[in-house]
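Enquirer: Pasting a structure below so you can have a look.
Read-outs throughout are calculated quantities, based only on the coordinates presented, and are distinct from any laboratory measurement. Keep in mind the model is a prediction, meaning the values are calculated, not measured. Neighbour counts run over all protein chains shown; Cβ positions are idealised from the backbone, glycine included.
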Amino acid sequence: MAVRGCVTLLFILLSGIVYADVLVTSSIPAASTPSKHTSAVTTPLPTTHHNTTNSTTEAPTTPHHNTTNSTTEAPTTPHHNTTNSTTEAPTTPHHNTTNSTTEAPTTAHTNATTAPTPPPTSSPVPNPTVGNYNVKSDNDTVCLLAKMGLQFSFKMSENASFQTLNLDPSPNVTEVNGTCGSGGSDSSLVLKSDEITVHLVFTNVSQKFRLHALMLSVNLTNGNVFNASNNNLSLWEASVGSSYMCKKEQSYNITDKLTINTFELQVQPFAVQNNKFNTAEDCVADEPDNFIVPIAVGVALAILIIIVLLAYVIGRKRSQTSGYEQFDS
């Protein structure tokens, strides 16, 4: 009986110990759980979520409350701002880049289009066509021959600019007339078109002919007429019975307002035989080049060679003389 009582008491004690242990164990997690929960409460996470909702409604009312909310909403707000920045940043630069790339070429193109253009320069007048002209006497014999291209440069007034015209030698454009002189009379050549009329007069003095008069009339498109003349010329001179020829371009000042240019000129106003030019007397421009300079250089070189030879001979004689003197001594 005593043993049974001891066993029962022991069982009760063990049960109490186990129960106490269970109580202690259950009390420990219960205590730690509130502690951890308390720590979580002190963190701004739940408060931040709650304050974010409040900040959206109370931001206009309480500035101080918004300041507190901004400290608690730091994790949330930067995350939201980061999202906005990533979506808006590329949009704005991309838009600016598009404007710059589209406007730059447009501006350059506009400037290139509106840039002032240089004034047009007048193209030079080409050389005139060379024509063949002849004048016949009453018995249908050719008494004057001419071959030339004529170009006229003239101005209407002192302050005006020169205008240049070529004479067209085509038979359907220019009409040829003239007179044949014999003895002391003059020969003349008249070339007339709708626009230009030129009159050339040749004289024969002491078996020498020359052009001594030229008259020009030009009908301008504006209705004005240009007239110029010179009766005291001394051009294209050669012997009667021969022709005067100057193939190179020549320019002659007839008046202060008129200049004529000739191309491949050859004239024979007197003593034409067999309807062709006689022996030509060339102008100075067609003469061979001047050889004075090459001749002068050659003479200078010859003189220099002579001086060198003389110096060599004199030096050799002196050396031989000094050799003789040393041998005698």
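Enquirer: Taking residue 155 as the anchor, which lysines have their alpha carbon closer than 30 Å to its alpha carbon, excluding any fewer than eight residues away along the same chain?
Expert: Qualifying lysines at Cα under 30 Å: 147, 192, 247, 248, 257.
Enquirer: Determine the gain in length on full extension of the stretch residue 175-residue 296; use 0.36 nm per residue of separation and subtract their C-alpha separation, reporting nm with one decimal.
Expert: So the chain would gain 38.3 nm between residue 175 and residue 296.
Enquirer: Another question about this same structure. Which ³J(HN,Hα) values in Hz, rounded to whole numbers, follow from the phi angles of region 165-176 under the Karplus curve 6.51 cos²θ - 1.76 cosθ + 1.60, where θ = phi - 60° and Gly and Pro get x?
Expert: 9, 9, 8, 8, x, 4, x, 7, 10, 10, 9, 10
Enquirer: Arrange the peptides 307-315, 272-280, 187-195 so that the one whose residues have, on average, the most other Cβ atoms within 10 Å appears first.
Expert: Sorting 307-315, 272-280, 187-195 by mean packing, highest first, produces 187-195, 272-280, 307-315.
Enquirer: Sequence gap at least 6, Cα distance under 8 Å: using those rules, report the relative contact order of region 131-286 to the nearest whole percent.
Expert: Relative contact order here is 24 percent.
Enquirer: Follow-up. Give the span of region 131-286's Cα atoms along each principal axis, as three whole-Å numbers ordered largest to smallest.
Expert: Here the spans come out as 46, 33, 26 Å, largest first.
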